[in-house]
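Structure, as structure tokens:
FYI, it's all coordinate maths here, none of it is from the lab. Predicted model only: the values in this text are computed from it and were never measured. All Cβ positions, glycine included, derive from the backbone under ideal geometry; neighbour counts span all protein chains shown.
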Amino acid sequence: MDFDLKLLLLPIISAFIGWFTNWIAIKMLFHPRNPVKVLGFTIQGIFPKRQQQFAQKLGMLVASELIHFDEIASKLKDPQQLAAVSPVIETHIDTFLRVRLAEKIPMIAMFVGEKTIGQLKEGMMEEINTLLPQVIGKYTEGLAEKVDIEKMVTEKVANFSSDKLEQILVAIMSKEFRFVEIIGGVLGFIIGLLQILLTQL
């Protein structure tokens with residue numbers, strides 16, 4: 001009976017070992033934070049050790065593959081986007097013509113009627129709608145020359161604390177990490193069952 005009980009414990013022990021080793025492996029991605037000497041070997045978590053290289057690679061990826069100023073300019077110059085801001089611009093122009101211009105030059109209010117205000121507003125809106133895409137294009141071109149996305153991302157990630165980096169990566173990959181732990185347990189359990197089968201041959 002004792003012998004049979006030991007055999008039944010094999011898959012459970014193997015499952016625990018499989019889960020535990022994978023759990024330790026995941027923890028060692030982030031720990032220890034700082035280099036530690038163990039039996040003459042220097043041990044440090046993979047991400048803390050490679051944080052600078054990780055930051056550089058991420059910066060290059062974001063700058064080359066994810067963020068392009070010409071795409072941003074294209075989105076901003078899209079007619080639908082411009083149409084969305086047109087009412088705000090038109091309201092501002094209307095207020096300027098009816099209120100502010102009259103305040104600055106009171107004599108104008110005597111000669112400029114409703115029809116003239118409407119014509120002025122229509123003409124100004126046409127000019128703004130023509131000019132706005134050009135302004136946006138020039139502005140984004142200037143940003144592309146002045147803003148170094150790769151450098152910004154690299155510096156941000158490189159300056160993250162180890163705790164912050166772990167928090168971000170665990171938040172992104174928590175399901176994957178849990179899956180790896182479970183797989184370790186499942187494989188360990190299967191190995192335990194195979195050991196029982198081999199002992200019975």
Query raised in the report: Once the Cα gyration tensor of region 1-69 is diagonalised, what are the square roots of 5 times its eigenvalues, in whole Å and ordered largest first, as equivalent ellipsoid semi-axes?
Result: 42, 19, 6
Report task. May I ask which residue of 21, 124, 81 lies farthest towards the positive end of the charge dipole of the chain, with charges of +1 (Lys, Arg) and -1 (Asp, Glu) on Cβ and the Cα centre as origin? Result -> 21
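Take the alpha-carbon positions of region 1-150, form their convex hull, and give its projected area averaged over all directions (one quarter of the hull surface) in nm².
On the way: hull surface 81.6 nm².
That works out to 20.4 nm², a quarter of the Cα hull's surface.
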Query raised in the report: With axes computed from alpha carbons, what is the tilt in degrees of helix 79-95 against the longest principal axis of the chain, rounded to the nearest 10 within 0 to 90?
Result: 40
Query - Alpha carbon centroid spacing (whole Å) that separates region 116-174 from region 179-201 - result: 53
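Which entries in the list 27/49; 37/156; 27/175; 57/156 go over 23 Å, if you measure between the two C-alpha atoms of each?
Working: 27/49 14 Å; 37/156 29 Å; 27/175 15 Å; 57/156 13 Å.
Correct reply: 37/156.
Can you put 21, 154, 42 in order of Cβ neighbours within 10 angstrom, beginning with the fewest? Intermediate values should be presented prior to the final figure.
Details: 21 14, 154 21, 42 9.
Neighbour counts put them in this order, fewest first: 42, 21, 154.
Test of understanding: what is the full-extension gain from residue 198 to residue 182, defined as 0.36 nm times their sequence separation minus their Cα-Cα distance? Can you show the working numbers first?
On the way: separation 16, 0.36 × 16 = 5.76 nm, distance 2.43 nm.
Working it through step by step, the gained length comes to 3.3 nm.
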Query - Ellipticity estimate at 222 nm from DSSP helix runs (n ≥ 4, -39,500 (n - 2.57)) divided over the chain, nearest 500 - result: -26000 deg cm²/dmol
Report summary line: So the angle from the long Cα axis of helix 114-146 to the longest Cα principal axis of the chain, reported in degrees to the nearest 10, equals 40
Query - Rel. contact order, % - alpha carbon contacts under 8 angstrom, at least six apart, region 72-144 - result: 51
Requested in this report: Any chance you could give the angle, 0 to 90 degrees and rounded to 10, that helix 51-61 forms with the longest Cα principal axis of the chain?
Outcome: 50
**Report entry** 16 Å reach of a label modelled at residue 89, 7 Å along Cα-to-Cβ, counting backbone N of region 45-77
**Finding:** 73-77
